[in-house]
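Enquirer: The structure's right below; bear with me while I get my questions together.
The values are calculated or read from the model by the stated rules, or taken from the named source; none is laboratory data. It should be emphasised that the depicted structure is a prediction, and the values quoted were computed from it without experimental measurement. Backbone-built Cβ (ideal geometry, glycine too); neighbour counts: all protein chains shown. Surface areas here come from the heavy atoms of the whole protein model, side chains and all, with no ligands, DNA or RNA. Shrake-Rupley method; radii C 1.70, N 1.55, O 1.52, S 1.80 Å.
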Amino acid sequence: MKVIRFFLFSFSFVVTLQIFAFDFAKDGKPLCVIGVPENCSDLEIMAKDDLAMILEKITGAKFQVVPEAQVKGPAIYLGFTKYAKANGADFSKLASEEWLIKTSGGNLILTGGGIVGPYYAVQALLRKMGYYMLTLDQEVIPQAKTLSLTNPDEQKKPVFIGRSIYDGFPEKAFADGIDYDSMIVTDYAQMTKS
């Protein structure tokens, strides 16, 4: 009897486990558009540009970016959209750098807290696809004419703030009035003189 109960419990758990997949492209053709708010912030603009450009590099498909009011069919809703809010994204409860990736009604929501959350959501999604920016001029770009992600949902935030290493360069150099573009360094001691 215990074996039967265990089997029934296990089976009901597996049946209730939901598996979501979001399809981005098939055979080099887009299967969705990118929907953005009417008035995008600077970081939302950067996020949508990065998303469209990198999806094209991965799949070969050109993804259309449209205001969310013009979306017809499957979409990636990026930023602080009305769709995201209506489908459970509570912006007021998200930390300032927290991101949210959520499937909803055959669509995908990329948003977050503060001004940078949606940008971080895009970066997290791209990493799930296998894309990595190693340096400003080095990136890993997977190739997939057909692209689908199973269970892309994620809600995370950085472990700590202040993750950048910054020493004031190049602003510091320009404030000193030094023309580094025309300077040829032959003597390190001469360059380090104050």
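Enquirer: Looking at the stretch 67-88, which of its residues are in contact with a helix residue (DSSP H, G or I) (Cβ under 9 Å, 6 or more places away or on another chain), open to solvent by less than 50 Å² (accessible area, probe 1.4 Å) and not acidic (Asp, Glu)?
Expert: 71, 75, 76, 77, 78, 79, 81, 83, 84
Enquirer: Name the residue that is farthest from the chain's Cα centre (by Cα), counting only residues in the stretch 104-119 that are open to solvent by 10 Å² or more (accessible area, probe 1.4 Å) and in contact (Cβ under 8 Å) with a residue 24 or more places away in the chain.
Expert: Only one residue tops the list, namely 106.
Enquirer: With the structure loaded, tell me whether residue 38 is over 20 Å from residue 125 (Cα atoms) and among the acidic types (Asp, Glu) or whether it fails that test.
Expert: yes
Enquirer: Determine which single condition residue 148 fails, assuming it passes every other condition in (1) open to solvent by less than 50 Å² (accessible area, probe 1.4 Å); (2) at pLDDT 95 or above; (3) not in a loop (DSSP other than H, G, I, E, B).
Expert: Just one mismatch for residue 148, condition (1).
Enquirer: For the stretch 89-102, give me each residue that is farther than 17 Å from residue 41 by Cα and open to solvent by less than 50 Å² (accessible area, probe 1.4 Å).
Expert: Answer for the stretch 89-102, where residues must be farther than 17 Å from residue 41 by Cα and open to solvent by less than 50 Å² (accessible area, probe 1.4 Å): 89, 94, 95, 100, 101.
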